[in-house]
Amino acid sequence: MDKNKEQIVNTGLYIVSTPIGNMEDITLRAINILNKSDIILCEDTRRSSKLLSYFKIKKKVMSYHKFNEQKISINIVDFIKKKKIVSLISDAGTPTISDPGLILVKKCIEENINIYPIPGPSAVTSAISISSFSDKYIFYGFLSKKKSELNRIFTTLCNLDYSIIFFISAKKINFYINEFKKYFVGRKILIAKEMTKIHEEFIRNDIEFLHSLPENLKGELTIVISEKIKKNIKKEITESVRIEINNMLKKYSNKDVVEYFSKKENLPKKIIYNYCLKINK
């Protein structure tokens, strides 16, 4: 890169996306920002040290996770005010997306400190991009382990006609499969395991036909549930259905017959209604 054209890195907080699996997921800009940081905040310093070592980035690291972010965020804000550059990285993917960082971002906004997104790998966009499902999606994040809470969540989500993305622990996959079958029958599912790694795997199926998975799975899974699958609507009444309609019209009203057969045969109400009128002439 021409040094004269090299990006100027200003004082502030940088939200830096890191690989979700393969080390080569990282962007050149992310490497540049990390190399110019005064401090790199890490969700897990042990895991992040492997990444930084791989790219020969020798900068001071500090542990920043959900158990200490409230406590140290004020100190980080004060540090940035001294014209310092701070980067925040998570164990994988984009920080603040179901990962620590939201508290620090809010404090920086309150103190009018510049925040810069350094886009890159994300399990959410990676999974939806290869799902074949609607790109109008809702990202929920990690699911509750309590059935009562899941009931409340799924009762709302199952009525929405969007693709829905969840993160779950691989060890609990069969528990969630059973719950998915209660609320999302008629939809398709994609289970993404170890994305961009050597043993990357994608499991696709109709939810009602999805079987239990091995109990020894590790790590986190990205789950994508499709939008509602619309069945092909029939446009013609078969001879057998005509006979049924004729018999029902002897006992029931046109309205009742239309309601019954539109659901039973997946036929447009208008076609059934017009046929009923024809019979009743």
(request) Please enumerate the residues belonging to the range 91-115 that are out of contact with any Gly (no Cβ under 6 Å at 6 or more places or on another chain) and more than 19 Å from Asn75 (Cα to Cα). (result) Asp91, Ala92, Gly93, Thr94, Ile97, Asp99
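Quick check: is even one residue across the range 244-256 of a type in the set (Lys, Arg), assigned to a loop (DSSP other than H, G, I, E, B), surrounded by 11 or more Cβ atoms within 10 Å (Cβ to Cβ) and out of contact with any Ser or Thr (no Cβ under 6 Å at 6 or more places or on another chain)?
Step one: filter the range 244-256 for residues of a type in the set (Lys, Arg), giving 250-251, 255.
Those left that are additionally assigned to a loop (DSSP other than H, G, I, E, B): 250-251.
With surrounded by 11 or more Cβ atoms within 10 Å (Cβ to Cβ) added as a condition, the list becomes none.
No: zero hits.
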(request) Spot the failing condition for Ser169; the list is (1) under 30 Å from Asn266 (Cβ atoms); (2) under 18 Å from the mean Cα position of the chain (by Cα), and only one is missed. (result) (1)
(message) Testing Ile109 on (1) of a type in the set (Val, Ile, Thr); (2) under 25 Å from Ile31 (Cβ atoms); (3) without any contact (Cβ under 8 Å) to a residue 40 or more places away in the chain, one condition comes back false. Which one is that?
(response) (2)
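In contact with a Gly (Cβ under 7 Å, 6 or more places away or on another chain) and either within 30 Å of Leu28 (Cβ to Cβ) or modelled with pLDDT under 95 (or both): which single residue out of Ser122, Ser129 fits that description? Before the answer, list the steps.
Values: Ser129 fails: in contact with a Gly (Cβ under 7 Å, 6 or more places away or on another chain).
Of the residues listed, the single one that is in contact with a Gly (Cβ under 7 Å, 6 or more places away or on another chain) and either within 30 Å of Leu28 (Cβ to Cβ) or modelled with pLDDT under 95 (or both) is Ser122.
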(request) Give just the number: which of (1) polar (S, T, N, Q); (2) crowded, with 16+ Cβ neighbours inside 10 Å; (3) modelled with pLDDT under 95 does Gln70 not satisfy? (result) (2)
(request) Search the range 145-174 for residues that are under 19 Å from Glu227 (Cα atoms) and pair each with any residue that is of a type outside the set (Asp, Glu) and assigned to a helix (DSSP H, G or I) when their beta-carbon atoms are under 6 Å apart and the residues are at least 6 apart or on different chains. (result) Phe154/Tyr183; Cys158/Tyr183; Ile164/Leu157; Ile165/Val124
(message) Just checking, does the range 123-132 include any residue being closer than 30 Å to Lys60 by Cα and either in contact with a Phe, Trp or Tyr (Cβ under 6 Å, 6 or more places away or on another chain) or surrounded by 17 or more Cβ atoms within 10 Å (Cβ to Cβ) (or both)?
(response) yes
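Based on what the data block shows, is Ser144 modelled with pLDDT of 95 or more, in a loop (DSSP other than H, G, I, E, B) and outside the structural domain of Arg29 (by TED's automatic domain parsing)?
Numbers: modelled with pLDDT of 95 or more: no; in a loop (DSSP other than H, G, I, E, B): yes; outside the structural domain of Arg29 (by TED's automatic domain parsing): yes.
No, not satisfied.
Would you be able to tell me the number of residues in the range 194-218 that are assigned to a loop (DSSP other than H, G, I, E, B), surrounded by 12 or more Cβ atoms within 10 Å (Cβ to Cβ) and either small (Gly, Ala, Ser) or touching a residue at least 60 places away in the same chain (Cβ under 8 Å) (or both)?
Step one: list which residues in the range 194-218 are assigned to a loop (DSSP other than H, G, I, E, B), which gives 194-200, 210-218.
With surrounded by 12 or more Cβ atoms within 10 Å (Cβ to Cβ) added as a condition, the list becomes 194-197, 200, 210, 213, 217.
Right, trim to either small (Gly, Ala, Ser) or touching a residue at least 60 places away in the same chain (Cβ under 8 Å) (or both) and you get 194-197, 200.
Of the residues in the range 194-218, 5 are assigned to a loop (DSSP other than H, G, I, E, B), surrounded by 12 or more Cβ atoms within 10 Å (Cβ to Cβ) and either small (Gly, Ala, Ser) or touching a residue at least 60 places away in the same chain (Cβ under 8 Å) (or both).
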(message) Please go through the range 99-119 and give me each residue that is assigned to a loop (DSSP other than H, G, I, E, B) and either buried (at least 18 other Cβ atoms within 10 Å of the Cβ) or more than 21 Å from the chain's Cα centre (by Cα) (or both), ordered by number.
(response) Asp99, Pro100, Gly101, Glu111, Asn112, Ile113, Asn114
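If you take the residues in the range 73-87 that are over 15 Å from Ser48 (Cβ atoms) and touching a Gly at 6+ places or on another chain (Cβ under 8 Å), which one is surrounded by the fewest Cβ atoms within 10 Å (Cβ to Cβ)? First the steps, then the outcome.
Filtering the range 73-87 down to residues over 15 Å from Ser48 (Cβ atoms) leaves 73-85.
Within this subset, residues satisfying the condition of being touching a Gly at 6+ places or on another chain (Cβ under 8 Å) are 80, 85.
Working: Ile80: 23, Ile85: 21.
Filtering the range 73-87 for residues that are over 15 Å from Ser48 (Cβ atoms) and touching a Gly at 6+ places or on another chain (Cβ under 8 Å), the one surrounded by the fewest Cβ atoms within 10 Å (Cβ to Cβ) comes out as Ile85.
The values are calculated or read from the model by the stated rules, or taken from the named source; none is laboratory data. The shown structure was predicted, so the numbers you read here are calculated from the model rather than taken from an experiment. Glycine also receives a Cβ, built like all others from the backbone with ideal geometry; neighbour counts cover every protein chain displayed.
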